[in-house]
Amino acid sequence: VKQGFAIITGGGPGIMEAANRGAKEAGGLSIGANIELPFEQGLNEYVDLGMQFRYFFVRKVMFVKYAEGFVIFPGGFGTLDELFEALTLIQTGKVEHFPVVLYGKDYWEGLMQWIRDKPLYEEKVSPEDLDLLTITSDIDEACEAITRHRDSRDQERKEAASQKATRQAVTDAAEGRKGG
C-alpha cells in the first residue's frame, strides 16, 4: 500500500482478512473478490470495494487482469488453482508478466521439489518457467520482488514512449522536408 498498490484478496477470513485490514489501516484501497459458495463466508469487514462472483473462472480473470503481482500464502485447492492459472497465463503470454511470490518457504518447498523432480525432469516445464516464481519467508523480499518488477516495467514503458516520440518526430521532419 505504501508503494501505491491496492490489495485484492478473496475477501474472506484469515490471511485474506489480514491483508484487507492492513490495506485499509494504511489508507490504501482494500478489495475483496468473494465467491458464492453454500458453505463459505461473506466479505470481511475490512473490504472497501467488494465484488461477488458466482464462478471461479470469472473471479480468476478479475484477479489476473488487474494484477501487479501475486503473493500466494499457504492454502488449499482454491489457492493452488489460482496459482497455476496465473503461472499458465504468464507462461503462455496470455497476460503481461507479473511476479508470483510464494510466501512461506517451509510450506511451498515440497511443491517446488515435486515440480523439479517430475515436470521439470520430464521436460514438461522449462527451467525458465521456474524463474516465474519467487519463494520467500521474508516480507521485505516479497514486497521488493513486486516493486522491482513494477519499476522495471515503468522504465521500459517510458523508454518505449520516448522511442515512439523520436520516431514520430523524425517521420514528421522527413515529411516536412518532402512537402516544403
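The values are calculated or read from the model by the stated rules, or taken from the named source; none is laboratory data. Worth saying up front: this structure is predicted, and the values here are computed from it rather than measured. Cβ placement follows ideal geometry from the backbone for every residue including glycine, while neighbour counts extend to all protein chains displayed.
Restricting attention to segment 117-138, report how many residues are exposed (fewer than 11 other Cβ atoms within 10 Å of the Cβ) and closer than 18 Å to residue 71 by Cβ. Selection size over segment 117-138: 2.
Every residue, every condition in (1) out of contact with any Leu (no Cβ under 8 Å at 6 or more places or on another chain); (2) closer than 23 Å to residue 81 by Cβ; (3) at pLDDT below 95; (4) of a type in the set (A, V, I, L, M), yes or no:
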| site | (1), (2), (3), (4) |
| --- | --- |
| 3 | yes, no, yes, no |
| 10 | yes, yes, yes, no |
| 20 | yes, yes, no, no |
| 31 | no, yes, no, yes |
| 36 | yes, yes, yes, no |
| 41 | yes, yes, yes, no |
| 47 | yes, yes, no, yes |
| 55 | yes, yes, yes, no |
| 64 | no, yes, yes, yes |
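In segment 126-153, the residues that are within 20 Å of residue 85 (Cα to Cα) and part of a helix (DSSP H, G or I) reach residues that are at pLDDT 95 or above and of a type in the set (Lys, Arg) with C-beta atoms within less than 9 angstrom, at least six apart or across chains, in these pairs: 130/116.
Going by the structure shown, is residue 96 part of a helix (DSSP H, G or I), within 22 Å of the chain's Cα centre (by Cα) and closer than 23 Å to residue 73 by Cα? The answer is no for residue 96. A search for C-beta distances below 9 Å between a residue of segment 25-44 that is under 15 Å from residue 56 (Cα atoms) and in contact (Cβ under 8 Å) with a residue 12 or more places away in the chain and any residue that is among the small types (Gly, Ala, Ser) and surrounded by fewer than 18 Cβ atoms within 10 Å (Cβ to Cβ), counting only pairs 6+ apart in sequence or on different chains, returns 32/50; 33/50; 34/42; 34/50; 35/78.
Quick grid of which residues meet (1) farther than 25 Å from residue 30 by Cα; (2) more than 16 Å from the chain's Cα centre (by Cα); (3) acidic (Asp, Glu):
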position: 67; (1), (2), (3): no, no, no
position: 88; (1), (2), (3): yes, no, no
position: 92; (1), (2), (3): yes, no, no
position: 123; (1), (2), (3): yes, yes, yes
position: 134; (1), (2), (3): no, no, no
position: 151; (1), (2), (3): no, no, yes
position: 174; (1), (2), (3): yes, yes, no
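So is residue 162 within 18 Å of the chain's Cα centre (by Cα), among the hydroxyl-bearing types (Ser, Thr, Tyr) and part of a helix (DSSP H, G or I) or not?
Values: within 18 Å of the chain's Cα centre (by Cα): no; among the hydroxyl-bearing types (Ser, Thr, Tyr): yes; part of a helix (DSSP H, G or I): yes.
Considered against the rule, which asks whether it is within 18 Å of the chain's Cα centre (by Cα), among the hydroxyl-bearing types (Ser, Thr, Tyr) and part of a helix (DSSP H, G or I), residue 162 comes out as no.
In this entry, residue 111 is excluded by the filter for residues that are modelled with pLDDT of 95 or more, closer than 16 Å to residue 70 by Cβ, not in a helix (DSSP H, G or I) and not basic (Lys, Arg).
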